[in-house]
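The values are calculated or read from the model by the stated rules, or taken from the named source; none is laboratory data. All of these numbers come straight from a predicted model, not from anything done at the bench. Cβ coordinates were reconstructed from backbone atoms using ideal geometry, including for glycine residues, and neighbour counts include every protein chain displayed.
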């Protein structure tokens, strides 16, 4: 850890606040793909890992969005992570909150990574912790949506879950194949992040980075079994939907379902393959 890295992290958080959290994820995805194509581009790699990786830039911006909406009273919701915080208000404190939490994300994750627990995703764990903090201090303190069981897929449309499982298995299989063939566990994750651009073309397009990352962890932990990756891809999409319904519907701030999914299932994978 260096002073330069901390400065880059702060700048990454500020940039994310200006672009919007989802757009910052797309930027990280593009940078990650470029790092894979040009592995000797150390400047690009350092910028990605210190400033634009999602647990730094995205994490900072999510907290700043909650702060802007509920504390500074911007004309947006605390869940509007696709919106720029540059806006008409030009509030420096909002950009600073994003930068400060980006730095915290870098410091905490960097410190935890020194423990060297394989598979467990420390970045996602930080995102969960910081977003719970934001909900409690910058939101309405209601952690969950207590009415989630009224959603049709829990009542008379339970067949939806088979659709989610199938979709997750397909993406998990593709991600696992990429990991096995390239030896790069993070490449499918970055491809999925870059694909978020389609969400702005059609709002029905789903995020897939939770599937890609979870499947990658599973295929590596299982010694290269892509079928295990597909199974965990299905579990990842089901978990993401459940987390979205319970933690991110009818709430005052964003608590990221993909990050929560990656964090939870990385622990499950660690227990199954490294402990049991």
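Some points to look at:
- The number of residues in the range 1-60 that are within 14 Å of residue 189 (Cα to Cα), surrounded by fewer than 17 Cβ atoms within 10 Å (Cβ to Cβ) and over 17 Å from the mean Cα position of the chain (by Cα) comes to 2.
- Within the range 132-148, the residues that satisfy the criterion of being surrounded by 13 or more Cβ atoms within 10 Å (Cβ to Cβ) and assigned to a loop (DSSP other than H, G, I, E, B) are 139, 142, 143, 144, 145.
- For the range 102-142, the set of residues classified as out of contact with any helix residue (DSSP H, G or I) (no Cβ under 9 Å at 6 or more places or on another chain) and under 24 Å from residue 20 (Cα atoms) consists of 132, 136, listed by residue number.
- Contact map, the range 149-175: first residue surrounded by fewer than 10 Cβ atoms within 10 Å (Cβ to Cβ), second residue in a helix (DSSP H, G or I), Cβ cut-off under 9 Å, separation 6 or more or different chains; pairs are 152/160; 155/149; 159/153.
- Condition met for residue 98 (surrounded by fewer than 24 Cβ atoms within 10 Å (Cβ to Cβ), outside the structural domain of residue 253 (by TED's automatic domain parsing) and in a helix (DSSP H, G or I)): no
- Qualifying residues in the range 78-95 (those that are in contact (Cβ under 8 Å) with a residue 60 or more places away in the chain and either more than 16 Å from the chain's Cα centre (by Cα) or part of a helix (DSSP H, G or I) (or both)) - the one surrounded by the fewest Cβ atoms within 10 Å (Cβ to Cβ): 86
- Those helices (runs of 4 or more DSSP H) lying entirely in the range 153-225 with at least 3 residues modelled with pLDDT of 95 or more and farther than 16 Å from residue 241 by Cβ: 160-182, 187-194, 209-221
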